[in-house]
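Coordinate-derived values only; no laboratory data. Computed from a predicted model, the values in this text were never measured in an experiment. Here the Cβ is made from the backbone with ideal geometry for all residues, glycine too, and neighbour counts use every protein chain on show.
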Amino acid sequence: MSNRQPSHCIAVIGGAVAGAEVAGTLAERGIEVVVFDQNPRPYGKIEDGLPRWHVALRHKEYETIGSRLSQPGVHFVPNTRVGRDVDFRALVSEWGFTGVILACGAWRDRPFPVEGADAYIGKGLIYQNPFIIWFNHAEQAGYQGERYEVLDDAIVVGGGLASIDVAKVLMLETTRAALRARGIEEDLVELEVKGIPKILERHGLTFDSLGLKGCTLFYRRSAADMPLMEIPEDADERRLEKVRTGRERMLGKAMEKYLFKFEPLCAPDGLITEGDRLVGLRFRRTRIEKGRVLLLDETFERRGSCVISSIGSIPEPIEGIPMRGELFDFSDLELGRLAECPTVFSAGNVVTGKGNIVASRKHARDVSEKVTEAFLGLGSEGPGREETLVDAAHDRARERAHQLADHIECQAEIAPEALAALRKRVRERQAAVGYPGSYAAWIEAVTPPDMA
């Protein structure tokens with residue numbers, strides 16, 4: 001570690017977009033930072049949440065995160081889950097940090113809203129987060145996580161960008177499998193870029209000729225309500241209508257290019273089971289009234305090969321942090337503070353409970369429909385435009401970091417002996433996980449040769 005004597009030293013929990021940006025910004029302000037990440041690589045949902053066809057975007061973000069975590073005054077501690085490997089309360093009160101910043105995102109799937117559904121996990125019910133993690137890593141020789149089979153005629157319950165990603169995975173992979181059965185091998189990225197109809201036309205085929213039914217996305221609201229584009233905080237009626245129309249247009253383009261089906265205005269209401277397997281759902285029709293979802297008396301049933309829940313992500317509980325429902329019990333949402341821990345702050349999706357790295361009402365005006373279309377694979381501008389969406393996440397984190405730095409710099413300065421003891425404790429944890437002290441050397445060592 002550096003021999004310089006900073007005035008403050010901060011722990012950041014989570015090293016992905018928000019955590020890395022906060023760490024780098026604080027370091028530029030002269031604050032020493034220790035970043036704890038639960039994984040070997042600190043890329044979070046860039047690696048495990050963005051489907052692997054986002055090749056250029058993912059590698060750009062890997063470089064951006066790496067450049068922030070390699071800055072002087074930033075120290076990385078991988079393979080360390082706070083609440084399991086390191087006690088949260090001890091980190092706050094015993095290690096000697098001036099403060100702790102939660103930037104650990106939203107990784108836990110929101111529970112499927114039908115009683116008893118979780119009894120069928122792995123028996124017909126699949127949650128989005130482990131499904132996309134598997135999809136992104138499935139072709140790696142050393143992958144040891146959950147494994148899934150991509151099935152035709154799946155039921156997807158959701159409504160946001162992530163649920164369209166799930167539908168795309170299903171449609172792209174079932175199409176590739178059907179083509180492979182005919183002796184035709186198609187590259188995933190090529191199929192995602194060109195779209196299913198164009199690739200099939202190249203081979204003189206139609207989707208119907210493949211014998212596939214395709215998946216269906218069920219949403220409790222209308223297409224115009226899908227959060228494919230955020231509505232700016234100061235939107236007037238004209239802007240609101242423009243966003244709603246843009247959402248409908250984007251969904252239509254996605255359905256045309258990837259051939260999934262869409263069923264709006266219905267909410268899961270019951271399970272259809274056979275033996276120990278979930279084989280479908282009962283849905284209840286809904287109506288939107290003054291922005292609220294109202295459940296109607298009409299119900300209908302749909303059977304499918306499996307049910308994939310993509311209804312949102314929420315923060316993983318951390319032992320030592322009180323919860324209020326699905327979120328941490330913040331006493332101050334502006335800075336993400338905890339009443340019992342006045343030196344704890346928060347940044348990124350851990351505050352909002354949204355797993356989407358691109359969601360931001362504040363920055364929505366700067367995110368055009370074309371940029372969102374590029375992210376969904378619907379644009380004609382080529383690679384690069386989708387990066388603007390993640391740029392907004394960096395901007396939000398940078399703004400929050402400067403806010404937090406202003407508060408941190410008002411705290412009592414860290415004493416030299418306290419800093420020395422803290423640095424020693426950090427080095428011991430790094431040694432325990434085999435971290436050599438060099439971010440670049442570590443990333444090279446832990447990145448499998450077949451990892452994209």
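Going by average Cβ density within 10 Å per residue, which order do the peptides 14-25, 440-451, 164-175 take, highest to lowest? Write down the numbers at each step before the final one.
Working: 14-25: 28.8, 440-451: 13.0, 164-175: 24.8.
Ranking, from highest mean packing down: 14-25, 164-175, 440-451.
For the pair residue 300 and residue 391, the difference between a 0.36 nm per residue extended length and the Cα-Cα distance amounts to 28.5 nm. Computed about its Cα centre, the charge dipole of region 157-234 is approximately 480 debye, with only Lys, Arg, Asp and Glu carrying charge at their Cβ. Put a plus charge on the Cβ of each Lys and Arg, a minus charge on the Cβ of each Asp and Glu, and nothing anywhere else: the dipole of region 87-155 about its Cα centre is then about 240 debye.
Shown is the FRET efficiency for residue 59 and residue 273, computed with R0 = 45 Å from the Cβ-Cβ distance and rounded to the nearest 0.05: 0.55.
Ordering 335-347, 411-423 by mean Cβ neighbour count within 10 Å, with the highest value first, yields 335-347, 411-423.
Rounded if a/c is under 1.5, else prolate if a/b beats b/c, else oblate: with a ≥ b ≥ c from the C-alpha gyration tensor eigenvalues square-rooted, which is region 111-311? It comes out oblate by the Cα gyration axes. Sorted fewest first by neighbouring Cβ atoms within 10 angstrom, 59, 137 come out as 59, 137. For the chain, the residue among 446, 347, 49 whose Cα projects farthest onto the positive side of the dipole built from Cβ charges is 49.
Working from Cα pairs under 8 Å separated by at least six residues, relative contact order for the chain is 23 percent. Straight-line cross-link partners of residue 261 among the aspartates and glutamates, defined as a Cα under 13 Å from its Cα and at least 8 positions apart when in the same chain: 152, 153. For the pairs 60/123; 123/198; 123/290; 123/168; 60/290, note any where the Cα-Cα span goes beyond 32 Å. From the list (60/123; 123/198; 123/290; 123/168; 60/290), the Cα-Cα distance tops 32 Å for 60/123; 123/198; 123/290; 60/290.
Determine the calculated [θ] at 222 nm for the chain from helices alone, applying -39500 (n - 2.57) to every DSSP H run no shorter than 4 residues and normalising by the residue count; nearest 500 deg cm²/dmol.
-11000 deg cm²/dmol, from helical runs alone.
Charging the Cβ of each Asp and Glu at -1 and of each Lys and Arg at +1, and nothing else, the dipole of the chain about its Cα centre rounds to 460 debye. Using R0 = 45 Å, the C-beta based FRET efficiency linking residue 198 and residue 236 works out to 0.70.
In the chain, a dipole from Cβ-located charges (positive for Lys and Arg, negative for Asp and Glu) runs towards its positive end, and of 430, 320, 133 it is 133 whose Cα lies farthest in that direction. Take 191-198, 204-211 and order them by the average number of nearby Cβ atoms within 10 Å per residue, most first; the result is 191-198, 204-211. Dipole of the chain computed with +1 at Lys/Arg Cβ and -1 at Asp/Glu Cβ about the Cα centre; of 38, 193, 407, farthest Cα towards the positive end is 193.
Going through (1) 18; (2) 22; (3) 10, the figure that equals percent of Cα pairs over 40 Å apart as computed for the structure here is (2). For residue 43, neighbours were defined as the other residues whose beta-carbon sits under 11 Å from its Cβ, and their charges (Lys and Arg +1, Asp and Glu -1) total -2.
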